[in-house]
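These notes concern the structure reproduced below.
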Amino acid sequence: MSKKNLLILGGIMKWFYAFLMLLGRICIAAIFFTSGLNKFTNFDSNITYVASKGLPFPSIMLTIAGILEIIGALSVIFGIRAKIGAIILLITLIPATILFHDFWNIADSTQRTMQMIHFFKNISIFGGLLYIICCGAGKFGFDCNHCHQHFADQCPACGGEIKDTVHPHK
């Protein structure tokens, strides 16, 4: 394979990887976006559930969690301050995982198994959010449009090299 063909193939692969990062961001944020909306569309039943866990101010907690989930999800999906959006989602994920999927406190084996599955699903989501915090949104995110504002040799959002304030991989 010629050097020219290798360069073309390398460029195609970079775009393919960027697309996969976008798809991954959409997949991981979708659960938070729908959960955030659900907190408002089924507000009364959700308040009852939150109150059943003994949490104070269930309506306030539910409203804050819903807003954070929607804002964090949109941030991650569109790649607008995706790292901050992922941190916001972690802030909602950690207490929800510990408080609502406490399989270690459940006696019924079927319910314990279901809550254990949800607990470890959230651990997997946690890992995906950590990846976004470390790597950012990638090329297909609005964060990438701000590369020229950083005083560094490498764009923190996509990893691309910065040359004279012109984004070289657009």
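The values are calculated or read from the model by the stated rules, or taken from the named source; none is laboratory data. Keep in mind it's a predicted model, so treat the numbers as computed, not measured. In this analysis, Cβ positions are derived from the backbone assuming ideal geometry, glycine residues included, and neighbour counts consider all displayed protein chains. Protein only, heavy atoms only, side chains kept; ligands, DNA and RNA dropped before computing areas. Shrake-Rupley method; radii C 1.70, N 1.55, O 1.52, S 1.80 Å.
For the reader, a short list of remarks on this structure follows.
- Matching option when the condition is in contact (Cβ under 8 Å) with a residue 12 or more places away in the chain and hydrophobic (A, V, I, L, M, F, W, C), among I123, I106, I64, I84: I123
- Residue in region 96-111 that is nearest to F32 (Cα to Cα), counting only those that are in a helix (DSSP H, G or I) and of a type outside the set (S, T, Y): A96
- Close contacts from region 8-26, counting a first residue that is in contact (Cβ under 8 Å) with a residue 40 or more places away in the chain and a second that is of a type in the set (V, I, T) and surrounded by 12 or more Cβ atoms within 10 Å (Cβ to Cβ), with Cβ to Cβ under 8 Å and a gap of 6+ residues or different chains, come to R25/V76; R25/I77; R25/I132; I26/I77.
- Look at (1) over 26 Å from G141 (Cβ atoms); (2) open to solvent by 60 Å² or more (accessible area, probe 1.4 Å) and you find that L55 fails only one, number (2).
- Per this entry, F32 is not counted among residues that are open to solvent by 70 Å² or more (accessible area, probe 1.4 Å), in contact (Cβ under 8 Å) with a residue 40 or more places away in the chain, closer than 28 Å to G141 by Cβ and not charged (D, E, K, R).
- Only one entry of F33, F43, F57 meets the criterion of being closer than 15 Å to T92 by Cβ and either in contact with a helix residue (DSSP H, G or I) (Cβ under 6 Å, 6 or more places away or on another chain) or among the aromatic types (F, W, Y) (or both), and that entry is F33.
- Matching residues, region 89-111, being within 12 Å of the chain's Cα centre (by Cα) and more than 12 Å from I132 (Cα to Cα): I91, T92, L93
- Residues (at pLDDT 95 or above and either hydroxyl-bearing (S, T, Y) or more than 24 Å from G85 (Cα to Cα) (or both)) located in region 1-41: T34, S35, T41
- Positions within region 132-147 being open to solvent by 80 Å² or more (accessible area, probe 1.4 Å) and out of contact with any helix residue (DSSP H, G or I) (no Cβ under 8 Å at 6 or more places or on another chain), in sequence order: C134
- Selection of region 112-154 for residues being in a loop (DSSP other than H, G, I, E, B) and either at pLDDT 95 or above or not small (G, A, S) (or both) yields K139, F140, H150, F151, D153.
- Any chance A157 is touching a Gly at 6+ places or on another chain (Cβ under 8 Å) and modelled with pLDDT under 85: yes
- Scoring A65 on the criteria (1) open to solvent by 60 Å² or more (accessible area, probe 1.4 Å); (2) more than 16 Å from G24 (Cβ to Cβ) leaves a single failure, condition (1).
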